[in-house]
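One structure is given here, and the rest of the page talks about it.
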Amino acid sequence: MTHDFDAIVVGSGITGGWAAKELTEAGLKVLMIERGRQIEHQSGYTREMAAPWELPFRGRGDQSNYDRAFPVQRLNRHFNEWTQDHFVNDRENPYSTADGTQFDWFRSYQLGGRSLTWGRQCYRWSDYDFGANKRDGHGTDWPIRYADLAPWYDHVERFIGVSGAAEGLAQLPDGQFQPPMAMNAVEVALRKHIGTHWPERVVTIGRTANLTEAKPDEGRANCQYRSICARGCSFGAYFSTQSSTLPAAMKTGRLTVLTDKVVERIDYDPVTRRVTGVRWVDTKTKQAGQATARMVFLNAGAFNSVHVLLNSASEAMPNGLANSSGVLGTHIMDHPNTVAAAATMPGFEQHTMVGNRPTGVVIPRFRNMDKLDGIGHTRGFSYQGGALQSNWTRGQRQPGLGADNKNAIRSPGEWRMVLVVFADSMPRASNRLTLDRRRTDANGLPLLNIAFAHGKEEHAALAEAHALAVEMLESAGGKVLFGSDQPGHGGTAIHEMGGARMGHDPATSVLNKWSQAHDVRNLFVTDGAQMSSSASQNPSLTYMALTARAVDHAVALARQNSL
Amino acid sequence: MSRILSAGEANRRDFLSGAALLALALGLPAGALAATPAIPAASPRQHQMLAAASQIAIPRTDTPGAADAGVPDFVVLALDHGLEDARRPVTNAPKGMPLRADGSIDHLRWLELALDTAAGGDFLALAAPRQAEALARIDTAAFAAPRDAPPSPWLTIKALIYIGYYTSEAGGSQELRYELVPGQFEPDAPLHPGDRAFSSDWTAIDFG
């Protein structure tokens, strides 16, 4: 059989870009299909450089329109008048939820996907994470360990450019770092204080995919300390598909990109037990289209990759493609998160900072490592946050008028330290995705239905994290303003993952240790859907490493003619 | 094709407007970035009172005041489009609260009534110092109200005056400093009395 392409990559976000780069660089002819619109690097970032006074709503956006068209996306901290075109219109892209589920699904349907809007935090997982399911019996054991992924973490970090500080921590392995960004005076003092009182707790600078050293060979400048990354970065200083993987893949001359095409299903041939290609709907013309390939990489984003698999049910696979186990769609996760504590930090009134650092600080996990010492939970939580000085917005919240008041607000105000906690989300069969059997979207595809709830372990972890955050900040001289032990809605970490989990056993998992479907040898799912547990770290770096590793394996199999 | 931008090209010390910088960065002609929506109508008297209140809240010093910076037009637009939740229907409105047809507060009508009440007559007929005293009474009362009481509409109007001013060119780049492309990060710089904050410190504005 002849094929249109060697490989089809569904999706152009963080992992789709990586799959396309690695596959084309290995010599394969690749088709990348993106459901959203084209956004060109640089010229496509239309409001990147706009001053607030050049926008009708001064950056705040038209809230009446947001209420109508973006009721979910508007809840994203990075959603505003500059970035609104980098998020989906909720009204045009509906999903459904099970009774009792509140799930805020933040999405970016465009070339580059959420690589344009992501938080850029890059943390390796450790064997505390890959061993978690086996250790406490939740979920299914990961078929890989840190040693399997370490060289692929190296590979990815070198290419995307991750700035960070080596700390020698077992729970947060060091990587191939560019020079770290600096901590401000409050953070430096907090690191010292916490390190003195609790040596197992380390305050370190965020490890972020913003370049501190330019990569001129790749057309990427170093970070300009604007911290407006989600508008798009014409300097190419943060990693996105547009700034990094897409130019690399295009350079090979072997990549074809289609935009505005939503993949409806993947075709499966029960005779060869292989997938043969994909079918799509043009979102503008509603015309159907299709292409064939020797292999398919599914990188549509965790939930949408599951959607494609469920919607690709056939006579041979009535419960969904690659779903002989029946677990497809189950065990979805998203980190429970909340502001554990925010405090004013007196004593730094003579200090300020100049420039906007596009990362905060992190306190890596310190619970449930070599001994199980968490209260009511068996996994990890970590804090991300930082110290900042209040600005003019404080004037909105206090009495006062006139010139003296104006002059008082002119200078930076008090320092505040914020600690946001992210905890492990436990893999649960009841948290699952299904196809809505009643409702369809504008492309005629069934809506995705999300059933999700945090459980007692997540609540216990956040309760402990809240208490410890208050204790640490007060001990360091802070005056706590507020804090919480209640997680936000599901989805608010924007780390939704799982649904096509990896595992040893084809009877209880969808993918093998190569992110390859147990049931279908030439089908790979290398985005968040493959995750068997959540860890408490941001997951994107791990998705990228798993993608590069899966491509390497797929290419080797293809060369042996054993795909 | 993409090309690399360097700090030298977009040097922070060469002042460039956002549109000009965009044009430089992209090789495009500088043009309107977005059409300005029509400013909804307020009665001339309401507009005059909003202008007075804005300028009292943030007066002219060595930099322009709020009315000088065009804040009243922004506040009228912002109220109409629901910024600061201005168009949320209210269920616990005190008797006499002027409401729009959708059940949200008519802030401009409220301000007109509140200023006249605080003035004991025609607010606009008062001398400037008396106007400031009248608004100060409203401001003090709004922040002194018990937490379980319905919030004073002044809080929304004041918040929008602040947004309008500090995101205006005068407020953002003269009263405060605006640097779109800092180019570098100084983690620990000395802060002297009177140093101006950066209106482009986006994280502080989100969280501060």
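The values are calculated or read from the model by the stated rules, or taken from the named source; none is laboratory data. If you're wondering where the values come from, they're calculated on a predicted model, not measured in any experiment. Every residue, glycine among them, receives a Cβ derived from its backbone with ideal geometry; neighbour counts consider all protein chains shown.
Quick notes
- For first residues located in the stretch A:490-504 and more than 16 Å from A:ASP424 (Cα to Cα) and at pLDDT below 95, partners that are surrounded by fewer than 24 Cβ atoms within 10 Å (Cβ to Cβ) and of a type in the set (Ser, Thr, Tyr) and lie 6+ apart or on another chain with Cβ distances below 8 Å do not occur.
- Candidate set: the stretch A:1-47, residues that are acidic (Asp, Glu) and over 24 Å from the mean Cα position of the chain (by Cα); chosen: the one surrounded by the fewest Cβ atoms within 10 Å (Cβ to Cβ): A:ASP4
- Taken over the stretch A:388-422, residues that are more than 20 Å from A:ALA340 (Cα to Cα), at the interface with another protein chain (Cβ under 10 Å from one of its Cβ atoms) and not polar (S, T, N, Q) amount to 15.
- Any hit, the stretch B:73-86, residues being more than 11 Å from chain A (Cβ to nearest Cβ), surrounded by 20 or more Cβ atoms within 10 Å (Cβ to Cβ), farther than 20 Å from A:TRP392 by Cβ and at pLDDT 95 or above: yes
- All positions within the stretch A:211-229 that are in a helix (DSSP H, G or I) and more than 17 Å from A:THR359 (Cβ to Cβ): A:PRO216, A:ASP217, A:GLU218
The rows are residues; the columns are (1) closer than 28 Å to B:PRO151 by Cα; (2) among the hydroxyl-bearing types (Ser, Thr, Tyr); (3) touching a Leu at 6+ places or on another chain (Cβ under 7 Å).
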residue	(1), (2), (3)
A:THR338	yes, yes, yes
A:GLY347	no, no, no
A:LYS371	no, no, no
A:THR378	no, yes, yes
A:GLN398	yes, no, no
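- Some residue of the stretch A:181-188 being away from chain B (no Cβ under 14 Å), over 30 Å from A:ALA248 (Cβ atoms) and either in contact (Cβ under 8 Å) with a residue 60 or more places away in the chain or buried (at least 23 other Cβ atoms within 10 Å of the Cβ) (or both): no
- Residue-level analysis places A:LEU462 outside the set of residues that are more than 14 Å from chain B (Cβ to nearest Cβ), in contact with a Gly (Cβ under 6 Å, 6 or more places away or on another chain) and not in a loop (DSSP other than H, G, I, E, B).
- Criterion (surrounded by fewer than 18 Cβ atoms within 10 Å (Cβ to Cβ) and of a type outside the set (D, E, K, R)) met by exactly one of A:THR101, A:THR140: A:THR101
- Residue match in the stretch A:350-357 (condition: touching a strand residue (DSSP E or B) at 6+ places or on another chain (Cβ under 8 Å), surrounded by fewer than 16 Cβ atoms within 10 Å (Cβ to Cβ) and at the interface with chain B (Cβ under 7 Å from one of its Cβ atoms)): yes
- Selection from the stretch A:229-242 of residues that are in contact with an Asp or Glu (Cβ under 8 Å, 6 or more places away or on another chain) and crowded, with 24+ Cβ neighbours inside 10 Å: A:GLY232, A:CYS233, A:SER234, A:GLY236, A:GLN242
- The stretch B:88-123, residues that are touching a residue at least 40 places away in the same chain (Cβ under 8 Å) and surrounded by fewer than 12 Cβ atoms within 10 Å (Cβ to Cβ): B:ASN92, B:PRO94
- Test set (1) under 22 Å from A:VAL162 (Cβ atoms); (2) crowded, with 24+ Cβ neighbours inside 10 Å - A:ASP552 fails condition number: (2)
- Among the residues of the stretch A:94-129, the one identified as touching a His at 6+ places or on another chain (Cβ under 9 Å), part of a strand (DSSP E or B) and under 17 Å from A:GLY232 (Cα atoms) is A:GLN110.
- Single condition B:ALA189 does not satisfy, out of (1) out of contact with any Phe, Trp or Tyr (no Cβ under 9 Å at 6 or more places or on another chain); (2) under 22 Å from A:ARG357 (Cβ atoms); (3) more than 7 Å from chain A (Cβ to nearest Cβ): (3)
- Checked against the criterion of being farther than 28 Å from B:TRP110 by Cα, surrounded by 22 or more Cβ atoms within 10 Å (Cβ to Cβ) and in contact (Cβ under 8 Å) with a residue 40 or more places away in the chain, the candidates B:GLU179, B:GLU175 yield just one match: B:GLU175.
- Candidates are the residues of the stretch A:212-226 that are among the polar types (S, T, N, Q) and free of Cβ contacts under 8 Å to residues at least 40 places away in the same chain; the one that is farthest from the other protein chains (Cβ to nearest Cβ) is A:ASN222.
- Count of the stretch B:156-177 residues, restricted to those that are facing another protein chain (nearest Cβ under 7 Å) and not small (Gly, Ala, Ser), is 8.
- Applying the set (1) within 14 Å of chain B (Cβ to nearest Cβ); (2) touching a Phe, Trp or Tyr at 6+ places or on another chain (Cβ under 9 Å) to A:GLY385 leaves exactly one unmet item: (2).
- Selection status of A:SER382, among the hydroxyl-bearing types (Ser, Thr, Tyr), surrounded by 24 or more Cβ atoms within 10 Å (Cβ to Cβ) and in contact with a Ser or Thr (Cβ under 6 Å, 6 or more places away or on another chain): yes
- Taking the stretch A:520-561 as the range and being touching a helix residue (DSSP H, G or I) at 6+ places or on another chain (Cβ under 9 Å), in a loop (DSSP other than H, G, I, E, B) and within 17 Å of A:VAL296 (Cβ to Cβ) as the test, the residues that pass are A:ARG521, A:ASN522, A:THR526, A:ASP527.
- Residue match in the stretch A:60-81 (condition: within 14 Å of chain B (Cβ to nearest Cβ), closer than 20 Å to A:CYS233 by Cβ and of a type in the set (S, T, N, Q)): yes
- Filtered residues of the stretch A:22-71 (kept if part of a helix (DSSP H, G or I) and farther than 25 Å from A:GLU92 by Cα): A:GLU22, A:LEU23, A:THR24, A:GLU25, A:PRO52, A:TRP53, A:GLU54
- In the set (1) in a loop (DSSP other than H, G, I, E, B); (2) more than 29 Å from A:LYS21 (Cβ to Cβ), the condition left unmet by A:THR272 is number (2).
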